[in-house]
Amino acid sequence: MQTVLLTGISSGIGKEIARQLKAQGIRVIGTDLYQPQDASIFDHFIAADFRDRSALDPIIEYILQEDIRLTGFVHNAMLYAGGLDRCDYESFMSVYAVSVAAPYYLCQQLNDTFAPGMSIVLIGSTRYLQSQPFTESYSAAKGGLYSLNHALAMSLRGKARVNLIAPGWIDSKGEGPFSVEDKASQPVGRVGQPSDVASLCRFLLSDEAGFITGAVFPVDGGMTRQMIYPGDFGWDYKTP
């Protein structure tokens with residue numbers, strides 16, 4: 001049976017990934033700080049605070065004790081703590097622990113449980129290559145995840161494929177409807193939805209993506225390819 005370990009399952013992108021996987025009959029082992037209200041999206045849940053390394057051990061122990069052969073691992077858990085304006089050293093390291101150290105440690109401890117055709121999908125962000133002010137903790141962690149992606153792809157060659165999805169503006173909290181300006185700022189004409197990310201994740205987990213590893217897939221409506229000059233095509237800039 002196909003079995004996927006999914007972190008950050010409780011809401012938004014993670015919840016939609018779980019929903020799509022379950023619809024395909026895939027077993028989902030979910031983990032997050034809090035258990036989702038909708039128990040139909042997972043087969044087994046383990047609460048874990050990824051800021052603490054020891055919180056990862058029950059996940060590892062469960063998979064080993066149950067003799068589970070993983071066919072997929074999706075790391076979606078994240079933490080945001082701002083930047084130079086308010087993020088102290090401890091908070092910065094906590095963000096890095098959740099986004100980068102946790103998936104590294106889980107891959108290290110669980111790689112003997114990987115089934116043939118194993119696929120790992122890391123959910124990053126387009127902020128690995130672009131930023132807004134005071135986003136250092138999040139942007140740096142997503143940059144670390146970007147590098148972890150190609151490093152793991154090389155270390156696990158022949159054992160697992162590893163790829164990264166870099167979402168842009170995704171309405172993960174259901175904040176719509178959006179303004180005409182919000183939609184027009186996206187080259188595709190709309191704000192992204194969790195299903196946009198989940199559908200690509202589902203493909204990367206499948207055998208159809210068997211020749212893809214170490215790759216990065218922006219899911220951003222084209223925003224990272226958009227040249228912006230104040231005054232052109234409706235763009236404006238106001239000095240803070």
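A short reminder: the numbers here are calculations on the coordinates, not readings from a lab. Keep in mind it's a predicted model, so treat the numbers as computed, not measured. Heads up, the Cβs are rebuilt from the backbone with ideal geometry, glycines too, and the neighbour counts pull from every protein chain shown.
Taking other C-beta atoms within 10 Å as the exposure proxy, 238, 15 rank 238, 15 from fewest upward. Helices in the chain, meaning DSSP H runs of at least 4 residues, each add -39500 (n - 2.57). Divided by all residues, the mean residue ellipticity at 222 nm is -9500 deg cm²/dmol.
Mean projection of the Cα convex hull over all viewing directions, computed for segment 187-230: 4.2 nm². Values of log10 I(q)/I(0) for the chain across q = 0.17 Å⁻¹ run -1.32, by the Debye formula with one identical scatterer at each alpha carbon and no solvent. Centre-to-centre, using Cα atoms only, segment 6-39 and segment 169-240 are separated by 22 Å. For segment 157-223, applying the loop criterion from DSSP together with a ceiling of 16 other beta carbons within 10 Å to the GluC sites (Glu not before Pro) yields 175. Taking other C-beta atoms within 10 angstrom as a stand-in for reagent exposure, 235, 169 fall in the order 235, 169, fewest first. Starting from the Cα of residue 238, draw a straight line to each of the lysines and keep only those under 26 Å, dropping any in the same chain fewer than 8 residues away. Correct list for residue 238: 183.
This ranking places 228, 68, 212, 41 by how few other beta-carbon atoms lie within 10 Å of each, fewest first, which gives 228, 212, 68, 41.
Once every Cα of segment 30-110 carries one equal point scatterer and solvent is ignored, give the base-10 log of I(q)/I(0) from the Debye formula at q = 0.20, 0.25 Å⁻¹, two decimals. Debye output, listed in q order: -0.95, -1.30.
Taking a straight line from the alpha carbon of residue 173, these lysines sit under 16 Å away, with near neighbours fewer than eight places off in the same chain left out: 15.
If you take the square roots of the eigenvalues of the alpha-carbon gyration tensor of segment 1-70 and sort them as a ≥ b ≥ c, do you get rounded (a/c under 1.5), prolate (a/b over b/c) or oblate?
On the way: a/c = 2.25, a/b = 1.16, b/c = 1.93.
Oblate shape, in that a/c is at least 1.5 and b/c is the bigger or equal ratio.
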